[in-house]
């Protein structure tokens, strides 16, 4: 990756630090932040900013912040760095981040500074080559959404993950904890590095804050994001090694800027200002009689858009484009009180997995109760109502509109809702964008006898062990809309005939189709994570890395085009250039399988006082998304196909669409098949899928030693376990064991069975996790291999326990980096290895907390010996683990 070096250019740093508030608690530690940061940024080791390029702002009113921001945005030509320390505030749904200045009152929006409207809009018109923003405030992680709609090359460092408060502001002298860590990194550098880049800073901050907690007792995890740039930005040239001298050309450029260019520019600005004053004075006499001041814009109506993780980035872009479009800013009949140019609506986009959305609508009464600030303990008449929905987390705030991946997702959500009494009503307004389903065939192994548009029967035959011998990998039909629609196509359109409501489900075809899907680990929570795992550079802690040449992923055309072009895919960042031709996949299109059609579903909530206004706003947005001069080209440039026009013809991709790039390896002549299945067929497909899977048994083995309390490890572990408990049921049972056992401290093989194996109700497991999180840790070492040996021995027993699932079991191992190796009994490692290799397979799916992740010999050896996987304990761990767990019980033939 290349690095951007701004030395010698016209750079600016704006340090906004607010410590004294009129209506909010003071933040005394913030007072020193500005001076500490300026000292670090202008120090000789940093070698980036001069003293006159750093501006300190301590605003009392929003206008002061806006003026300072506009000034540096106008002046910077190289690097523009903006740092904010102070209070942050969000709405009850987690959207619309507001920065609070001295006189701010969060109850009055006009006294605050909108991150999206004021800060980002100003920065997007800046003239700097690169922009870096550091937000150190509560809820800074919520800034990520609107940030991705910008045009400028920008990097954003957020002090914490979404929906989290951070510092109290009462830290010792010398600045806040976060800023002190930033200053040390910029001044001291990083061992082994000649300079500190933006990504270096973000990584080093995560390490230094690993043992810190937020005021809510959760892990403190800074987040970083980049937009419209593949390179990294150098923020400091400090290094523990011998520093390199500043190049002579840069010293010359700095001298010219300081002694020649800047004085000349100042005199020119003064002359222009004097001329401008004379002209304005004359014009003002006329304008005073003609013009009246423009009224302030009232707060925009906030719409909440729920979607799938795969579609979230594209819909964020579309939502931002709509907000700034004439369709959302021009006056409408009957709305004379809205000034021209004001936004009528703003749209918050967020995502959740398919099963979580289904649970949210099934328990819509609880969802609505939480949104109103209640306990959320509604009647829960729908299926899985007890699982509920956590506010601001899964599946997020109650939506005004929902854009699932396909109509099949909509039909499944409706099937799970109670027939009467639900406060939510779903209205399907039709598709807004299409993406055909494809099978990615390695470019180096294309089948000779199969057309690019072919029936599933031909595709299965052309990739079997006698031909391409490829592993078919599918996103989970339970977690992913792409996986569900691919499964529907496999079951109902295997012969290539169009699906209609009378198409029947053939059990033999279901068994044959499922037998071709590799297990375990063949399913992922989404198509983008599946493709991410197949990248050649995925690394040792990416599940499935290094198997791309033998795999055939079942994904969407858009997802495959993004992969082939090196775009960001799931948790894999964008590449500097597309993968080599031999590492790409060619899109093959299963004939007459419905495409992802992304229907826009309006969600009405009973009792909403502004329901007509929201319904009208949703309708305007829906019309704009389908408009050939509005949202359709925006979605096309994200890799989607447009909805047909009024004459029924399918539009060609807009200029700039990735589908037009030959390296995408897709076929634009392949047809788009609409969804024609009946409502009941989706339920029958999922029932057939569940029946084709073997009953399974999962043992969650959790490290509860006291070291799990460090660095927020326990929070990540309990979140991963809680995600898995949401997937258990009558045919997929579980147990929860912990180690070490406090009642047998001298026995390293002892474990504590908190929830017995064979349990189907997630409630006891959730209650146990809550107790553990509130202080159920054991204050002595955790002998991982001994505890794992006990667990594997139990699951290898021939009778399989009471639930009859012998031979189809798995272990989810949640542990700290400290695996008890120091006091390990002799021979236990060899004993465990032999145990894993003999008898029925018991894959071990490990989530490891700590900075080294899965990149250790012991954990990689464990994954190999058990035919399992290892997932690093980051923010993506719960969903990655959910996809792997979904494949336990698969009817596939295994890793051939």
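Among the residues of region 8-45, how many are in contact with a strand residue (DSSP E or B) (Cβ under 8 Å, 6 or more places away or on another chain) and either closer than 30 Å to residue 577 by Cα or assigned to a helix (DSSP H, G or I) (or both)?
So the answer is 12.
Of the residues that make up region 737-753, is at least one in the same structural domain as residue 510 (by TED's automatic domain parsing), surrounded by fewer than 20 Cβ atoms within 10 Å (Cβ to Cβ), touching a helix residue (DSSP H, G or I) at 6+ places or on another chain (Cβ under 6 Å) and modelled with pLDDT under 90?
For region 737-753, residues in the same structural domain as residue 510 (by TED's automatic domain parsing), surrounded by fewer than 20 Cβ atoms within 10 Å (Cβ to Cβ), touching a helix residue (DSSP H, G or I) at 6+ places or on another chain (Cβ under 6 Å) and modelled with pLDDT under 90: absent.
Do we have any residue at all in region 229-240 that's farther than 23 Å from residue 13 by Cβ, modelled with pLDDT of 75 or more and in contact with a helix residue (DSSP H, G or I) (Cβ under 9 Å, 6 or more places away or on another chain)?
Residues of region 229-240 farther than 23 Å from residue 13 by Cβ: 230, 240.
Keeping just the survivors that are modelled with pLDDT of 75 or more gives 240.
Next cut, in contact with a helix residue (DSSP H, G or I) (Cβ under 9 Å, 6 or more places away or on another chain) only: 240.
Yes, there is a match, as at least one residue in region 229-240 is farther than 23 Å from residue 13 by Cβ, modelled with pLDDT of 75 or more and in contact with a helix residue (DSSP H, G or I) (Cβ under 9 Å, 6 or more places away or on another chain).
What do you reckon, is residue 503 in contact (Cβ under 8 Å) with a residue 40 or more places away in the chain, closer than 16 Å to residue 560 by Cβ and not assigned by TED's automatic domain parsing to the domain that holds residue 404?
no
Report, ordered by the first and then the second residue, all pairs with beta carbons closer than 6 Å, sequence separation of six or more or different chains, a first member in region 291-314 that is assigned by TED's automatic domain parsing to the domain that holds residue 97 and modelled with pLDDT under 65, and a second member that is surrounded by 21 or more Cβ atoms within 10 Å (Cβ to Cβ) and in a strand (DSSP E or B).
none
The rows are residues; the columns are (1) surrounded by fewer than 15 Cβ atoms within 10 Å (Cβ to Cβ); (2) closer than 30 Å to residue 306 by Cα; (3) touching a residue at least 40 places away in the same chain (Cβ under 8 Å); (4) in the same structural domain as residue 363 (by TED's automatic domain parsing).
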| position | (1), (2), (3), (4) |
| --- | --- |
| 441 | no, no, yes, no |
| 462 | no, no, no, no |
| 465 | yes, no, yes, no |
| 477 | no, yes, yes, no |
| 481 | no, yes, yes, no |
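Do we find that residue 727 is assigned to a loop (DSSP other than H, G, I, E, B) and under 28 Å from the mean Cα position of the chain (by Cα) in this structure?
yes
If a residue must be closer than 29 Å to residue 873 by Cβ and assigned to a strand (DSSP E or B), how many such residues does region 568-607 contain?
Count: 2.
For the structure I just gave you, tell me whether residue 698 is within 30 Å of residue 850 (Cβ to Cβ), part of a helix (DSSP H, G or I) and in contact with a strand residue (DSSP E or B) (Cβ under 9 Å, 6 or more places away or on another chain).
Values: within 30 Å of residue 850 (Cβ to Cβ): yes; part of a helix (DSSP H, G or I): no; in contact with a strand residue (DSSP E or B) (Cβ under 9 Å, 6 or more places away or on another chain): yes.
No, not satisfied.
Of all residues in region 640-681, how many are under 21 Å from residue 439 (Cα atoms) and not in a loop (DSSP other than H, G, I, E, B)?
Qualifying residue count for the region: 7.
With the checklist (1) closer than 21 Å to residue 757 by Cα; (2) part of a loop (DSSP other than H, G, I, E, B); (3) at pLDDT below 75 in hand, flag the one item residue 781 doesn't pass.
It fails just one condition, (1).
Tally the residues that are touching a residue at least 24 places away in the same chain (Cβ under 8 Å) and out of contact with any helix residue (DSSP H, G or I) (no Cβ under 6 Å at 6 or more places or on another chain), restricting the search to region 444-454.
Number of matching residues: 5.
Taking the condition of being in a loop (DSSP other than H, G, I, E, B), at pLDDT 85 or above and in contact with a helix residue (DSSP H, G or I) (Cβ under 9 Å, 6 or more places away or on another chain), how many residues in region 466-499 meet it? Full working, then the answer.
Here is the first cut: in region 466-499, the ones in a loop (DSSP other than H, G, I, E, B) are 466-470, 474-480, 493-499.
Checking which are at pLDDT 85 or above leaves us with 470, 474-480, 493-499.
Still in the list and also in contact with a helix residue (DSSP H, G or I) (Cβ under 9 Å, 6 or more places away or on another chain): 470, 474-480, 493-496, 499.
Residues that pass the stated criteria total 13.
Filter region 838-863 for residues that are in contact with a strand residue (DSSP E or B) (Cβ under 8 Å, 6 or more places away or on another chain), assigned to a loop (DSSP other than H, G, I, E, B) and over 25 Å from residue 209 (Cα atoms) and give the result.
Hits for region 838-863 are 840, 842, 843.
Out of 143, 160, report the one residue that is crowded, with 24+ Cβ neighbours inside 10 Å and in a loop (DSSP other than H, G, I, E, B).
On the way: 143 fails: in a loop (DSSP other than H, G, I, E, B).
After ruling out the rest, the residue left standing is 160.
With the requirement that a residue be over 21 Å from residue 203 (Cα atoms) and touching a residue at least 24 places away in the same chain (Cβ under 8 Å), what does region 846-860 give you? Walk me through it before giving the result.
Residues of region 846-860 over 21 Å from residue 203 (Cα atoms): 846, 857-860.
Within region 846-860, 846, 858, 860 qualify.
Would you mind finding the one in 717, 721 that is closer than 30 Å to residue 849 by Cβ, in a helix (DSSP H, G or I), at pLDDT 90 or above and not assigned by TED's automatic domain parsing to the domain that holds residue 510? Outline the logic, then answer.
Numbers: 717 fails: at pLDDT 90 or above.
Just one listed residue meets the conditions, 721.
Taking the criterion of being more than 30 Å from the chain's Cα centre (by Cα), surrounded by fewer than 22 Cβ atoms within 10 Å (Cβ to Cβ), at pLDDT below 90 and assigned to a helix (DSSP H, G or I), would at least one residue in region 91-107 satisfy it?
No: zero hits.
Among 65, 79, 123, 135, which is closer than 30 Å to residue 212 by Cα and modelled with pLDDT of 85 or more?
Selected residue: 135, the only one of 65, 79, 123, 135 that is closer than 30 Å to residue 212 by Cα and modelled with pLDDT of 85 or more.
Is it the case that residue 389 is touching a helix residue (DSSP H, G or I) at 6+ places or on another chain (Cβ under 6 Å), modelled with pLDDT under 55 and not assigned by TED's automatic domain parsing to the domain that holds residue 555?
Judged against the criteria, residue 389 is a match.
Here is a list of conditions, (1) out of contact with any helix residue (DSSP H, G or I) (no Cβ under 6 Å at 6 or more places or on another chain); (2) at pLDDT 85 or above; (3) within 25 Å of residue 465 (Cβ to Cβ), and residue 518 meets all of them except one; can you say which number that is?
Residue 518 satisfies all of (1) out of contact with any helix residue (DSSP H, G or I) (no Cβ under 6 Å at 6 or more places or on another chain); (2) at pLDDT 85 or above; (3) within 25 Å of residue 465 (Cβ to Cβ) except (2).
This table checks each residue for (1) modelled with pLDDT under 90; (2) surrounded by fewer than 20 Cβ atoms within 10 Å (Cβ to Cβ); (3) under 27 Å from the mean Cα position of the chain (by Cα).
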| position | (1), (2), (3) |
| --- | --- |
| 556 | no, no, yes |
| 588 | no, no, no |
| 596 | no, no, yes |
| 599 | no, no, yes |
| 616 | no, yes, no |
| 621 | no, no, yes |
| 656 | no, yes, yes |
| 664 | no, no, yes |
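Applying the selection to region 855-879, what residues are within 21 Å of the chain's Cα centre (by Cα) and closer than 15 Å to residue 816 by Cα?
The answer is 870, 871, 872, 873, 874, 877.
Please give the number of the condition residue 583 fails out of (1) in contact with a strand residue (DSSP E or B) (Cβ under 8 Å, 6 or more places away or on another chain); (2) over 24 Å from residue 316 (Cα atoms).
Of (1) in contact with a strand residue (DSSP E or B) (Cβ under 8 Å, 6 or more places away or on another chain); (2) over 24 Å from residue 316 (Cα atoms), only one is false for residue 583: (1).
I'd like to verify a number: residues in region 623-632 that are part of a helix (DSSP H, G or I) and surrounded by fewer than 19 Cβ atoms within 10 Å (Cβ to Cβ), how many? Lay out the reasoning, then the answer.
Step one: of region 623-632, the residues part of a helix (DSSP H, G or I) are 623-626, 631-632.
Within this subset, residues satisfying the condition of being surrounded by fewer than 19 Cβ atoms within 10 Å (Cβ to Cβ) are 623.
Residues meeting the conditions: 1.
Quick one: which of 649, 676 is at pLDDT below 90 and either assigned by TED's automatic domain parsing to the domain that holds residue 577 or on the phi < 0 side of the Ramachandran plot (or both)?
649
For residue 172, indicate whether it is surrounded by fewer than 23 Cβ atoms within 10 Å (Cβ to Cβ) and modelled with pLDDT under 85.
Spelling it out, residue 172 is indeed surrounded by fewer than 23 Cβ atoms within 10 Å (Cβ to Cβ) and modelled with pLDDT under 85.
The values are calculated or read from the model by the stated rules, or taken from the named source; none is laboratory data. Keep in mind that what you see is a predicted model, and the values were worked out from it rather than measured. Counting neighbours? That spans all protein chains shown, and the Cβs are built from the backbone with ideal geometry, glycine included.
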